[in-house]
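What follows is a single structure, written as structure tokens, with notes after it.
The values are calculated or read from the model by the stated rules, or taken from the named source; none is laboratory data. Keep in mind it's a predicted model, so treat the numbers as computed, not measured. In this analysis, Cβ positions are derived from the backbone assuming ideal geometry, glycine residues included, and neighbour counts consider all displayed protein chains. For accessibility, only protein heavy atoms count, side chains too; no ligands or nucleic acids. Shrake-Rupley method; radii C 1.70, N 1.55, O 1.52, S 1.80 Å.
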Amino acid sequence: MSRRGTTAPAAVELRAIDKRFGSVHANRNVSLSVPAGTVHAIVGENGAGKSTLMRILYGYYRADAGEIHVGGAARQIRSTQDAIRAGIEMVHQHFMLVDTFTVLENVMLGAEHGALLKRGARRARAELTRLASEYGLRVDLEATVGELPVGVQQRIEILKALYRGAQVLILDEPTGVLTPQETELLFRVLKALRGRGVTVLLITHKLGEVMAISDEVSVMRDGRIVARRHTATTTEEELAELMVGRKVLLRVDKGPARPGATVLRVEGVSVRDRRGAERVRDVSFELRAGEIVGVAGVAGNGQTELLEALAGMLPVASGRIELLDTIIDQSAPRSPRELRRLGLAHVPEDRLRTGLVPQFDAADAAVLGYQGERAYGHLLLDRRALVADCLAMMTAFDVRPIDPLLSVSSFSGGNQQKLVLAREMHRAPRLLLVGQPTRGVDIGAIEYIHNRLIAMRDSGGAVLLVSVELDEIMSLSDRIMVMSGGCIVGEVPASEATERQLGMLMAGISSARTESAQIGTAH
């Protein structure tokens, strides 16, 4: 049934899709029919099979068994070109755009319509102008893509898909890098697409967005579709339970903070990245024991460089950092090893690039950065000590499977993240720097990670939290700072913060606090 209550033809139908990667059975006899002109969400934990299923539909993978029907007709989709010819397009979580090209050049790339580029450009410009007007996707066609905000880049990806004739649009975690205002705009675009008969398949872990925009939702677990619901007849709580197989507490259960002594003081700090570009500008703040301070902002606004400078991975260009009475500045830099000895721990934003070595086993990964400690031997590492310590960490942090000798690459994303958190929190640090703690993590692991961070705060630890997930920032933090353009543009108590207020600050609109105060007074 469609959202209007009448039978609609299936835009796409997957029949008995089966896919293995070696011993991993990613999709198990999956069947799914999606009516035309609807928004259909697909949710599930990490490793549930949802991305594999959509990549089969888009031609990235070929199913071992099963059939794909598009518009009622069987189609052989062996490549992305086969999918595009069938009217299927995909907007990836990480945009597939050439930064140095203009908007027009990016849209035309691979769809030039012949060797005469000027003629193709005239045709493309006219069609894009029509599509932009029809769907509310206005964008400067001559602008260089790399200079545009991520929300605009996403519009370009959608325009590119429509230009190529998409009737089925797959969106993979589309709001991960958007401000709340950009998310609202995206949802308006999706509603316009739906109203004109385009079918949207939405992969997301944000259940609030599922409830807000989808008509139906399918839940995957262990490679199978275990439930299908009309969105209007379900709840976030039911979907979470279906995904995980048990009841999940969706809110963060925490009491008021009891801040103690200042652990970290940052005064006028500026930081340059490894290419010499200034990414953090004159930042000042304090962090006390027993509190979580959240740093909100769209990715790429200096949060990464701030964390890396505080962790000793990047030098301070100007200003100074005071960590537990130790001064860090240009004249007195400190290495990550020295900072760890002072009681600082760091969970990096990219666990596989910076936090782990995928080829290592869990026991080796659990001591990265701490391998010089006496407990692990002197000249040679004591493997028995490593394995025993890793076993204790895995047990305490519910890392599954509990196997210190299993390679890091064999664990799911959520369990890799819990392994990093176990390593960094195992020694009860005075200060924990944590970047994107639940990026790519399923809902069950999110609940666990949040509880551990609150427990650290309640035991007197200080936490500096960087996340692009506003609901995470608002749920966990006691105070919230917002970064835009490398600067802290606002700070609000978490108890008073609203998504709109934070979103405006994230977008660089510094009057957000004033507007919020006026709205509060008006009410």
- Under the Karplus relation 6.51 cos²θ - 1.76 cosθ + 1.60, θ = phi - 60°, what is the ordered set of whole-Hz ³J(HN,Hα) values for segment 262-270, x standing for Gly and Pro? 5, 9, 9, 10, 10, 10, x, 7, 10
- Query: Put a dot 7 Å past each Cα toward the Cβ at A10 and L352; how far apart are the dots in nm?
  - Reply: 3.2 nm
- From the Cα centre of segment 362-425 to that of segment 238-297, the distance in Å is 25 Å
- Task: List every residue whose amide H lies under 5 Å from the amide H of L314, counting only residues 5 or more places away in sequence or on a different chain, with H placed 1.01 Å from N in the peptide plane.
- Result: A309
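Which whole-number percentage describes the relative contact order of the chain, with Cα contacts under 8 Å and a sequence gap of 6 or more?
Details: 1036 pairs, mean separation 75.4, N = 523.
It rounds to 14 percent for the chain.
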- Task: Leaving out ligands and nucleic acids, note down the accessible area per residue over the chain with a 1.4 angstrom probe, in whole Å².
- Result: 45 Å²
- For the chain: rounded, prolate or oblate by the Cα gyration tensor [a/c cutoff 1.5]: prolate
- Item | Label-point gap, in nm, between A232 and E147 - each point 7 angstrom along Cα→Cβ | 4.7 nm
- Message: Below 28 Å, Cα to Cα, which lysines can K247 reach? Residues fewer than 8 away in the same chain don't count.
- Response: K50, K206, K418
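Once you sort the root eigenvalues of the Cα gyration tensor of segment 329-445 as a ≥ b ≥ c, which label holds: rounded (a/c under 1.5), prolate (a/b larger than b/c) or oblate (the other case)? Write down the numbers at each step before the final one.
Working: a/c = 1.85, a/b = 1.17, b/c = 1.58.
Oblate is the answer for segment 329-445, as a/c is 1.5 or above yet b/c matches or exceeds a/b.
Let me make sure I get this right: for segment 136-180, a, b and c are the square roots of the gyration tensor eigenvalues over alpha carbons, sorted descending. Under 1.5 in a/c it's rounded, otherwise prolate if a/b > b/c, else oblate. Which is it? If you can, show how the numbers build up before the last one.
Numbers: a/c = 2.20, a/b = 1.12, b/c = 1.96.
It is oblate, given that a/c is not under 1.5 and a/b is not larger than b/c.
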- Long-range HN-HN contacts of D442 with modeled amide H, under 5 Å: N46, G414
- Item | From phi via Karplus (6.51, -1.76, 1.60), per-residue ³J(HN,Hα) for segment 18-33 in Hz, x at Gly/Pro | 10, 8, 10, 10, x, 7, 8, 9, 6, 10, 10, 6, 8, 10, 8, 10
- Note on the structure: Once phi for every residue in segment 216-226 is put through the Karplus expression 6.51 cos²θ - 1.76 cosθ + 1.60 (θ = phi - 60°), the whole-Hz ³J(HN,Hα) values, with Gly and Pro written as x, are 9, 9, 10, 10, 10, 8, 6, x, 10, 7, 9
- Task: Amide H neighbours of I225 under 5 Å, at least 5 residues apart or on other chains, H built in the peptide plane: list them.
- Result: S31
